[in-house]
Amino acid sequence: MALIGNLRHRPVRRLVQLYLGLALYGASMALMIRSDLGLDPWDVFHQGLSELTGLSFGTVTIGVGALVLLLWIPLRQRPGLGTVSNVVVIGLVVDAALALLPSGGPLGVQIALLITGIVANGAATGLYLGARLGPGPRDGLMTGFVARRPGRSIRLVRTVIEVTVLALGWLLGGKVGVGTVAYALAIGPLAQLFIPLFSVPDAAATADATAPGPDAPAPGAAAPAPAG
């Protein structure tokens, strides 16, 4: 599979935005874990596997991401730099953040951690997707399946995938709670807010915006005299 997403257009901003977004995503996961009020479906699955295997949360996140990425091959999905980086960076950051964040605390602190984590997760999604260097492996699994089965809606495919991993994670001992519901209700509107905010225009759109209009004078030509 060839990597998608070239870096000839605004490379510094896109790389900084990509890795800032991935780091923030890992930190947001740690905040929700420390809230102990419930996780998003994939993290319920990661937590359940972590409980089962004894591996760290971040190690499990990396392993699952790599396995999901292998499922792109029959779907003929092409990963980008952001896709591969997603697999590695988020897992490393979440383990580092969990080592720094204390566990427990009063309910008010737990709620604050949860809300901060969900909002940060939405912003992180906007940052790394807006860099246009490839989706995460889990998002690519969903879009790749829909591309191969045009009659299926993205909403249906995403729901089936997330309900499945949520159920498996819960059976394995992952934390399902009010945070799971809050994430499900909030992440859509947050992503809709942050993705356009952080999206880097592609080179073609930038060229179109700066190109002279059909009535513009040629370079070096005298400007037309004002009417009247």
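Seen from all sides and averaged, what is the projected area of the convex hull of the Cα atoms in region 49-147, in nm²? Can you show the working numbers first?
On the way: hull surface 30.0 nm².
Over all viewing directions, region 49-147 projects a mean Cα-hull area of 7.5 nm².
Quick one: net charge of L81's neighbours, Cβ under 11 Å, K/R +1, D/E -1?
Summing Lys and Arg as +1 and Asp and Glu as -1 gives +2.
Relative contact order, percent, of region 28-165 when contacts are C-alpha pairs under 8 Å separated by at least 6 residues?
Working: 144 pairs, mean separation 53.9, N = 138.
This gives 39 percent for region 28-165.
Counting only other residues whose beta carbon sits under 9 Å from that of A184, what net charge do I get with K and R as +1, D and E as -1?
Local charge sum for A184: -2.
Could you check the simple spin-label distance between L20 and L52, using points 7 Å along Cα→Cβ, in nm with one decimal?
Reported label-point gap for L20 and L52 is 3.8 nm.
Using only Cα atoms, tell me the angle between helix 11-35 and the longest principal axis of the chain; keep it within 0 to 90° and round to the nearest 10.
20
Compare I118, I73, I62 in a GNM of the chain, Cα atoms joined below 10 Å, and give the one with the largest fluctuation.
I73
How high is the FRET efficiency from V181 to R8, r the C-beta distance, R0 45 Å, rounded to 0.05?
Computed FRET efficiency for V181 and R8: 0.55.
Top mean-square fluctuation among D43, D95, D139, Gaussian network model of the chain, C-alpha springs under 10 Å?
Answer for the Gaussian network model of the chain: D139.
Which of the listed residues, G91, L172, L71, is farthest toward the dipole's positive end in region 68-198, when Lys, Arg count +1 and Asp, Glu count -1 at the beta-carbon?
L71
Would you tally the net charge around S56, using a Cβ to Cβ cut-off of less than 14 Å, leaving S56 out, and scoring K and R as +1, D and E as -1? It would help to have the intermediate numbers written out before the result.
Details: positive: none; negative: D43, E51, D95.
Around S56, the charge tally is -3.
Might you report the magnitude of the Cβ-based charge dipole of region 124-163 about its Cα centre, with Lys and Arg at +1 and Asp and Glu at -1, to the nearest 20 debye?
In total the dipole reaches around 160 debye.
For the chain, with a Gaussian network of springs between Cα atoms less than 10 Å apart, report the residue from L18, L156, L71 with the top mean-square fluctuation.
Answer for the Gaussian network model of the chain: L156.
Read-outs throughout are calculated quantities, based only on the coordinates presented, and are distinct from any laboratory measurement. Here the structure is a predicted model, which is why all the values come from computation and not from measurement. Using ideal geometry, Cβ is built from the backbone for each residue, glycine included, and neighbour counts are taken over all protein chains shown.
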